[in-house]
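**Q** Can you keep this structure in mind? I'll have questions shortly.
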Amino acid sequence: DTEVTQTPKHLVMGMTNKKSLKCEQHMGHRAMYWYKQKAKKPPELMFVYSYEKLSINESVPSRFSPECPNSSLLNLHLHALQPEDSALYLCASSQATGAHEQYFGPGTRLTVT
Amino acid sequence: GEDVEQSLFLSVREGDSSVINCTYTDSSSTYLYWYKQEPGAGLQLLTYIFSNMDMKQDQRLTVLLNKKDKHLSLRIADTQTGDSAIYFCAEIGKDSSYKLIFGSGTRLLVRP
C-alpha cells in the first residue's frame, strides 16, 4: 500500500477564515512533506517533518502553520491567507528524510477569496 | 546551482513511442526521478534511476541517463491515451536528501 490520503479535496476560504488541511499515511513512513503547486508549475517544498519534528521550513509565511500530531498524520493550519495562496497543496511521505522515494497524495485544491 | 529543465509539450500518436527529455545541472545528484501528474491529481512516482546507472527498464518505461551531458530521458513504448499527463523529472542531491528539485514538466498529449 503506497497510499497517502488528503482531505478535503477542495476548499474555498475567505481571507479572514481559519481552516486546516489534513494528510494521512499508513505506510510506517517517518518523514512527511507539504508542497505547494501553482497552476502549470512544478511543486515547491514548504515543510518537512522527520520523526514528528519539524526539520525544514522553506521560509514559508507564518499564515501557514504545520503540525504533526503523530507519525501517520500531518496537518496544515491556514489563517489570514491571501488570494495568491490559492494553489494545489500536496502532501508526501517517505520512509525517512534520507530515503529517496516520496509518495504523494492527491492534493487539496485551495481557493482563497 | 540546482536547475532542471524540460521541454513544455509533446504530442504523439497512440501506439508510437514517446521520449521526454530533461537536463539537470547538479552533478552531485544521487537519484533522478520521473513523476506523472494527471489533471487535478497528485504526483505518481513512475520510476527512478540511481546516478551510477546508465539505463533502467520497467515494463513500457525506459530511463536513460547520460551523466556527462547531465541528460535524462524517459521513453514510453506503445503510448496509450491513458499516458496523457504532465511528466516531471526531478533530482535529489547528496547534500539535500529531502528536497526534490522538479523540472517545469512536459505535457504529453496522446492522439488516438
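Read-outs: derived from the displayed coordinates by stated rules, not from any lab. All figures in this text were calculated on a predicted structure; none of them were measured in a lab. A quick note on method: Cβ atoms are made from the backbone with ideal geometry, for glycine too, and the neighbour counts reach across all protein chains shown.
**Q** Would you kindly enumerate the cysteines in the protein assembly as shown that have no other Cys beta-carbon under 4.7 Å from their beta-carbon?
**A** A:C68 - these cysteines have no disulfide-compatible partner (Cβ-Cβ under 4.7 Å) in the protein assembly as shown.
**Q** If you don't mind, another one. Tell me, what HN-Hα J-couplings in whole Hz come from the Karplus equation 6.51 cos²θ - 1.76 cosθ + 1.60 at θ = phi - 60° for each residue of region B:64-69, using x for Gly and Pro?
**A** Once θ is set to phi - 60°, the couplings for region B:64-69 become 10, 10, 10, 5, 4, 8 Hz.
**Q** For B:98-104, what's the mean count of beta carbons from other chains sitting within 10 Å of each residue's beta carbon?
**A** For this peptide, the per-residue mean of nearby foreign Cβ atoms is 6.
**Q** Can you compute the charge dipole magnitude of the protein assembly as shown about its Cα centre, using +1 on each Lys and Arg Cβ and -1 on each Asp and Glu Cβ, nothing else charged? Give it in debye, rounded to the nearest 20.
**A** The dipole of the protein assembly as shown has a size of about 420 debye.
**Q** How are the C-alpha pair distances of region B:49-112 spread across 5 Å bins, as whole percents from the shortest bin up?
**A** 4, 14, 21, 24, 21, 10, 4, 1, 0
**Q** Tell me, what ³J(HN,Hα) does each residue in region A:47-58 have, in order and in whole Hz, if you take phi through Karplus 6.51 cos²θ - 1.76 cosθ + 1.60 with θ = phi - 60° and put x for Gly and Pro?
**A** 9, 10, 10, 10, 6, 6, 10, 5, 10, 9, 10, 7
**Q** Considering only B:L100, B:S29, B:L65, whose Cα is most displaced toward the positive end of the charge dipole of chain B, charges sitting on Cβ of Lys, Arg (+1) and Asp, Glu (-1)?
**A** Comparing the listed Cα positions along the dipole, B:L65 ranks first.
**Q** Treating only the Cβ atoms of Lys and Arg (+1) and Asp and Glu (-1) as charged, compute the dipole magnitude of region A:30-113 about its Cα centre; round to the nearest 20 debye.
**A** My answer is approximately 180 debye.
**Q** Taking θ as phi - 60°, what are the ³J(HN,Hα) couplings along region B:74-86 by the Karplus curve (6.51, -1.76, 1.60), each to the nearest whole Hz, with x for Gly and Pro?
**A** 10, 9, 10, 7, 6, 4, 10, 4, x, 7, 4, 4, 9
**Q** Ratio of alpha-carbon Rg to the 2.2 N^0.38 Å globular estimate for region A:56-99, to two decimals, please.
**A** Cα-based Rg divided by the globular estimate yields 1.32.
**Q** For B:S104, list long-range residues whose amide hydrogen, built 1.01 Å from N in the peptide plane, is under 5 Å from its own amide hydrogen.
**A** B:Q6
**Q** Report the one residue of B:M55, A:L110, A:G14 whose Cα lies farthest in the direction of the positive end of the charge dipole of the protein assembly as shown (charges on C-beta: Lys and Arg +1, Asp and Glu -1; origin at the Cα centre).
**A** A:G14
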